[in-house]
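Structure, as structure tokens:
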Amino acid sequence: MKRITVSCSRRYDVIIGNDLIDHISSFLNDFNLGNNILVITDDNVSPLYSDIVLKDLNQNYQTSKYVLPNGESSKNIDHLYQILNHLSENHFHRNDTILALGGGVVTDISGLVAALYMRGINLVMVPTTLLGMVDASIGGKTAIDLNSGKNLVGTFYQPLTVICDVDIIRKLPKSIFKEGMAEVIKYNVIEDCPIISYINNDTFMEHLEEVIEYCISIKAKIVSEDEYERKGLRKLLNAGHTFAHALENISDYQISHGIAVGTGLVYEATLSEYLGLCDHDTVQQIRKAIQKYDLLIPLEYDLNHIVNHMKLDKKNEDANISFILPTTLGKCIERKLSIEEVKQAYQKIGVIL
């Protein structure tokens, strides 16, 4: 078992190991969690793990459960309101606790609930997907979506701890496992580590726990240095995401986050090559790793429509569109382009791809 410390406004540990899900409460003894714990999960995860977690927690706490429909569409104001009402109607107090049991959707909305209710109650993250484990559960970003864009309503709110059971990841269905791989690959796009080498040499699963530690360590370092995204460092974590968020929104989230990020990483790396920032080999290494998991799709949307959705990205400033682009494998820079520059570039890139 390993602990990685995130040094933010609240200092906390991410616990990584095997066979942790059966005894979650043993990692919570050092915290004052109050009397009540609400487990927020979804209808995919609930049948697999909620009974196990609730049985363990029930030894020491009063527990209840809120089950979301799985998928991005659950990150909305209606579910946020319903969960907040559940807390109020069940007499949760400021020292009580939300436990997020699920993937990125669950951790995003759970974090926002915890931040808002009584101006902040305890939050524990137990991610059950690769995406949730290496990305969404760490760093304190919470959010719901609006019709006009993803993650437009949210705040920064750090958990008390994050508990990562790697055995859960080994048991994931291939389709859900692949969803997290784009974010995993992203970490090697922004930081020098052997992840893409493991993928392209077909040794990834032999190094799964090590890779999860790499990803969490990289994110912990970045968010510890730039918790509120004021120094520009945390923007690195959005490599591939300018394109990805546009694809998700334009498809009404029929394109999954993993596929959107995978496609975004390739298209943005190709943009970087077009701008003379990286060489073709860098693009090919990223593309090969993404294609190993079938995360690259052809574009079936009008270029103007895609760019119009890019304009909504939160990173943008002064009417320019912000991209985090690789200069080599393991290093990225931010580049801001005008709308016309983006359209011109992608008209030519469309031919290249």
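Structural descriptor for the stretch 2-170: relative contact order 26 percent, calculated from alpha carbon pairs under 8 angstrom and at least 6 residues apart. Residues with beta-carbon under 11 Å from that of Val14, excluding Val14: net charge, scoring Lys, Arg +1 and Asp, Glu -1? Taking every Cβ under 11 Å from that of Val14, the sum is +1. In a simple Cβ point-charge model (Lys, Arg +1; Asp, Glu -1; nothing else charged), the stretch 1-125 has a dipole of about 460 debye relative to its Cα centre.
Here the Karplus curve 6.51 cos²θ - 1.76 cosθ + 1.60, taken at θ = phi - 60°, turns the phi angles of the stretch 277-284 into couplings of 8, 9, 8, 5, 5, 4, 4, 5 Hz, with x standing for Gly and Pro. Electrostatic bookkeeping for Glu273 treats Lys and Arg as +1 and Asp and Glu as -1; over the other residues with beta carbon under 13 Å from its beta carbon, the sum is 0. Ordering Ile83, Val6, Asn36 by the projection of their Cα atoms onto the charge dipole of the stretch 1-113, which places +1 on the Cβ of Lys and Arg and -1 on the Cβ of Asp and Glu, puts Val6 at the extreme positive end.
Note on the stretch 198-329: with charges restricted to the Cβ of Lys and Arg (+1) and Asp and Glu (-1), its dipole about the Cα centre is near 300 debye.
Neighbours of Tyr81, meaning other residues whose beta-carbon lies under 15 angstrom from its beta-carbon, give a summed charge of -2 when Lys and Arg score +1 and Asp and Glu score -1.
Only bridges whose two residues both fall in the stretch 2-170 count here: according to DSSP, what percent of them are antiparallel, nearest 5? Percentage antiparallel, nearest 5: 30. Amide hydrogen proximity for Asp96: with H placed 1.01 Å from N in the peptide plane, the residues at 5 or more positions away or on another chain lying under 5 Å are Asn122.
Over all pairs of different C-alpha atoms in the stretch 2-170, the reciprocal of the mean inverse distance, the Kirkwood hydrodynamic radius, equals 15.6 Å.
How high is the relative contact order of the stretch 113-235, in percent, counting Cα pairs under 8 Å that sit 6 or more residues apart?
26 percent
Give me, ordered by chain and number, the residues 5 or more places off Lys141 or on other chains with an amide H under 5 Å from its own placed amide H. So Lys141 has HN proximity to Tyr157. Here Phe27, Phe323, Phe243 are placed in order of increasing Cβ neighbour count within 10 Å, fewest first, which gives Phe27, Phe243, Phe323. Taking the number of Cβ atoms within 10 Å of each Cβ as an exposure proxy, the fewest-first ranking of His23, His79 is His23, His79.
Among His257, His241, His309, the residue with the largest mean-square fluctuation in a Gaussian network model of the chain, with springs joining Cα atoms closer than 10 Å, is His309.
At 222 nm, what helix-only mean residue ellipticity would the chain give, in deg cm²/dmol to the nearest 500, using -39500 (n - 2.57) for each DSSP H run of four or more?
After summing the helix terms and dividing by residue count, I get -12500 deg cm²/dmol.
The residues Ser251, Ser9, Ser110, when put in order of fewest to most other Cβ atoms within 10 Å, stand as Ser9, Ser251, Ser110. The structure-derived value of semi-axes √(5λ) of the Cα gyration tensor in Å appears in the list [x] 33, 25, 20; [y] 34, 22, 18; [z] 41, 32, 16 under the label [y].
Entry note, the chain: relative contact order of 15 percent, from Cα contacts under 8 Å with a spacing of 6+ residues.
For the cross-link pairs Lys231/Lys348; Lys221/Lys292; Lys150/Lys235; Lys2/Lys75; Lys141/Lys348, the ones whose C-alpha atoms lie over 24 Å apart are Lys231/Lys348; Lys221/Lys292; Lys2/Lys75; Lys141/Lys348.
Every number here is computed from the coordinates shown, using simple stated rules; none is lab data. Values in this document were obtained by computation on a predicted structure and should not be read as measured data. All Cβ positions, even for glycine, are placed from backbone atoms using ideal geometry, and neighbour counts span all protein chains on display.
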